[in-house]
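Visitor: Got a structure here, written out as structure tokens. Questions coming.
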Amino acid sequence: MPENKKIKMILNGALGRMGGYVLDTVLDTNDIEIIHGVDPSVTDATNNYKGINLVSNIDEVLNEGIDVVVDFTNSEVTMDIVNKCKDNNVDLIIGSTGFTQSQINELENIADNSHITVFLVPNFSIGANLLMKAVENISNYYDYVDVTEMHHENKVDSPSGTAMSIAESISKGKKSGKFSQNIPERESIKHARGADYDGINIHSRRMPGYVAHHEVVFGSLGETLTLRHDSIDRKSFMPGVLESIRSIQTLQGFVYGLDNIL
Ligand SMILES: NC(=O)c1ccc[n+]([C@@H]2O[C@H](COP(=O)([O-])OP(=O)(O)OC[C@H]3O[C@@H](n4cnc5c(N)ncnc54)[C@H](O)[C@@H]3O)[C@@H](O)[C@H]2O)c1
């Protein structure tokens, strides 16, 4: 692809764990260029990564003919930069997680009332998205279900955005009746049964050793059905990130979930 046809992006959260992977992954492509990385922790000693200029404030660089901002920070930061993207007419791919429903509604509202695409992807892994599809097809055959998600000890939000999407898919697939739940008569420790989403129990584990793992167990008379996805390396998110960057111009308005481009 000719140099001038490269997709020009800004990476927000460039010095984070995901940011590091995205920097290296995009450097290996010949059709995408990171014009700037942004992270408030950038110093004079860290303002260049393999030739990519890193800055501490996105305001300095958003008006430089950028096609798309890819964001891996946290939901508060994202809610701030979406307005800046709108003002500068730059599409936004959101990898950050931890949004409330009202924040998601606001993102949708901003996209609908502007010319930018806002693509919110709670999980870029192909396998995790296949898990979301699979549970939607299965859930109507079962009356009991638990979702457990396991992540590294530094994750700030619980449950994970993916666990929420999995629960939504399970709920969507449940065409007849509601899920049954064991409600303990005595609960010596609060929330021992996990959190509740529409009759679906959700549990969160946090500890070193995990990257991102999701397990769904359906139960019925005399049987259980377990589906589990493990991201054992953050590399698992990179094909989905690249595909999102390459596809953003085919999307319009507010788009939720990687399945829209699979
Ligand atoms: N969608 C997915 O598939 C997926 C996969 C993994 C992680 N995540 C999410 O991505 C986000 C980042 O994860 P991480 O593990 O890289 O976190 P991290 O804490 O390692 O990195 C976040 C980075 O954002 C930077 N930051 C903070 N405020 C900023 C601002 N105003 N502007 C620019 N940068 C800012 C921080 O300095 C930090 O370097 C989290 O919300 C996480 O849950 C999503």
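Visitor: Give me the one-decimal nm value for the distance between modelled label points at ASP198 and ASP259, 7 Å along each residue's Cα-to-Cβ direction.
Guide: That separation, rounded to one decimal, is 1.1 nm.
Visitor: Place a point 7 Å from the Cα of ALA134 along the Cα-to-Cβ direction; which residues of the range 215-259 have their backbone N under 16 Å from it?
Guide: Only 215-219, 224-232 fall inside the zone, counting backbone N under 16 Å.
Visitor: How far, in nm, would the chain grow between GLN103 and ARG186 when pulled straight, counting 0.36 nm per residue and subtracting the alpha carbon separation? Please report the intermediate quantities before stating the final value.
Guide: Values: separation 83, 0.36 × 83 = 29.88 nm, distance 3.56 nm.
Extending this stretch completely gives an extra 26.3 nm.
Visitor: As an exercise, take the mean of 1/r over every pair of distinct alpha carbons in the range 1-55, invert it, and state the Kirkwood radius in angstroms.
Guide: Details: mean 1/r = 0.0883 Å⁻¹.
Computed over the range 1-55, the radius equals 11.3 Å.
Visitor: Take the cross-link list LYS50/LYS86; LYS133/LYS172; LYS172/LYS235; LYS6/LYS50; LYS155/LYS235 and give me the ones stretching past 21 Å between alpha-carbons.
Guide: Too far apart for the 21 Å limit: LYS50/LYS86; LYS172/LYS235.
Visitor: Something else: Tell me which trypsin sites (Lys or Arg not before Pro) from the range 6-40 have a DSSP coil assignment and no more than 16 other beta carbons within 10 Å of their own. Let's see the in-between values first.
Guide: Working: sites: LYS6, LYS8, ARG17; in loops: LYS6.
Within the range 6-40, the qualifying trypsin sites (Lys or Arg not before Pro) (loop, at most 16 other Cβ atoms within 10 Å) are LYS6.
Visitor: Using alpha carbons only, how many degrees (0 to 90, rounded to 10) separate the axis of helix 161-173 from the longest principal axis of the chain?
Guide: 50 degrees
Visitor: Once both labels are modelled 7 Å past Cα along the beta-carbon direction, what's the ASN89-MET207 spacing in nm?
Guide: Simple spin-label model gives 5.3 nm for this pair.
Visitor: Under 10 Å, Cα contacts only: if you run a Gaussian network model on the chain, which one of LYS174, LYS84, LYS190 comes out with the highest mean-square fluctuation?
Guide: Largest GNM mean-square fluctuation: LYS190.
Visitor: Can you list the residues of the range 110-138 with backbone N under 14 Å from a point 7 Å past the Cα of GLU76, pointing along Cα to Cβ?
Guide: none
Visitor: Still on this structure, I have one more. Could you work out the relative contact order of the chain? I mean the mean sequence separation of Cα pairs under 8 Å and 6+ apart, divided by the number of residues, in percent.
Guide: Details: 490 pairs, mean separation 50.7, N = 262.
Dividing the mean separation by the residue count of the chain yields 19 percent.
Visitor: Now for a separate question. Suppose each label sits 7 Å from its Cα in the direction of the beta carbon; what would the THR43-THR250 distance come out to in nanometres?
Guide: 4.4 nm
Visitor: If you don't mind, there's one more thing I want to ask. Compute the accessible area per residue over the chain, keeping the other protein chains in place, probe 1.4 Å, unit Å².
Guide: Counting only protein heavy atoms, the per-residue value for the chain is 50 Å².
Visitor: How long is the gain from THR226 to SER176 if the chain were fully straight, where each residue apart is worth 0.36 nm and the alpha carbon distance is subtracted? Don't skip to the answer; put the middle values down first.
Guide: Working: separation 50, 0.36 × 50 = 18.00 nm, distance 2.11 nm.
Taking 0.36 nm per residue and subtracting the Cα distance, the gain is 15.9 nm.
Visitor: How large is the convex hull of the C-alpha atoms of the chain per residue, in Å³? Write down the numbers at each step before the final one.
Guide: Working: hull volume 38.2 nm³, N = 262.
Each residue corresponds to 146 Å³ of Cα convex hull volume.
Visitor: On alpha-carbon atoms, Rg over Rh for the range 126-231 using Kirkwood Rh?
Guide: Numbers: Rg = 13.7 Å, Rh = 14.2 Å.
Dividing the radius of gyration by the Kirkwood radius yields 0.96.
Visitor: On the accessible surface of the chain, probed at 1.4 Å, how many percent belong to carbon and sulfur atoms?
Guide: Values: 6210 of 13190 Å².
It is 47 percent, rounded to a whole number.
Visitor: Angle between the Cα long axis of helix 17-27 and the longest principal axis of the chain, 0 to 90 degrees, nearest 10?
Guide: Its long axis makes an angle of about 50 degrees.
Visitor: Of the chain, which part is the longest with no GluC sites (Glu not before Pro) in a loop (DSSP not H, G, I, E, B) and with at most 15 other C-beta atoms within 10 angstrom?
Guide: Working: sites that count: GLU64, GLU153, GLU185, GLU187.
Value returned for the longest uninterrupted segment is 65-152.
Visitor: In terms of the ratio Rg/(2.2 N^0.38 Å) built on C-alpha atoms, what value belongs to the range 11-106?
Guide: For the range 11-106, the normalised Cα radius of gyration comes out at 1.05.
Visitor: If one takes the longest principal axis of the Cα atoms in the chain, at what angle in degrees, from 0 to 90 and to the nearest 10, does the Cα axis of helix 101-112 lie?
Guide: 40 degrees
Visitor: Looking at the chain as a GNM with Cα springs under 10 Å, which of GLY127, GLY199, GLY209 has the largest mean-square fluctuation?
Guide: Of GLY127, GLY199, GLY209, the Gaussian network model singles out GLY209 as fluctuating most.
Visitor: Compute the separation of the alpha-carbon centres of the range 225-253 and the range 118-144 and state it in Å as a whole number.
Guide: Using only Cα atoms, the two centres lie 13 Å from each other.
Visitor: Select from VAL121, VAL42, VAL90 the residue whose mean-square fluctuation is largest in a Gaussian network model of the chain (Cα-Cα springs shorter than 10 Å).
Guide: The residue with the greatest mean-square fluctuation here is VAL42.
Visitor: Translational D (Stokes-Einstein, µm²/s) of the range 69-176 at 20 °C and 1.002 mPa s when Rh comes from the Kirkwood sum over C-alpha pairs? Mind dumping the intermediate values first?
Guide: Values: Rh = 15.2 Å.
The estimated diffusion coefficient comes to 141 µm²/s.
Visitor: Residue by residue through the range 200-213, what is 3J(HN,Hα) from phi via Karplus (6.51 cos²θ - 1.76 cosθ + 1.60, θ = phi - 60°)? Round to whole Hz and write x for glycine and proline.
Guide: Result, rounded to whole Hz: 9, 7, 10, 10, 10, 10, 10, 6, x, x, 8, 9, 8, 9.
The values are calculated or read from the model by the stated rules, or taken from the named source; none is laboratory data. Everything numeric here is computed off the predicted structure, so don't read it as measured data. Note that we place each Cβ from the backbone using ideal geometry, even for glycine, and neighbour counts take in every protein chain shown. All accessible areas refer to the heavy atoms of the entire protein, side chains included, with ligands and DNA or RNA removed. Shrake-Rupley method; radii C 1.70, N 1.55, O 1.52, S 1.80 Å.
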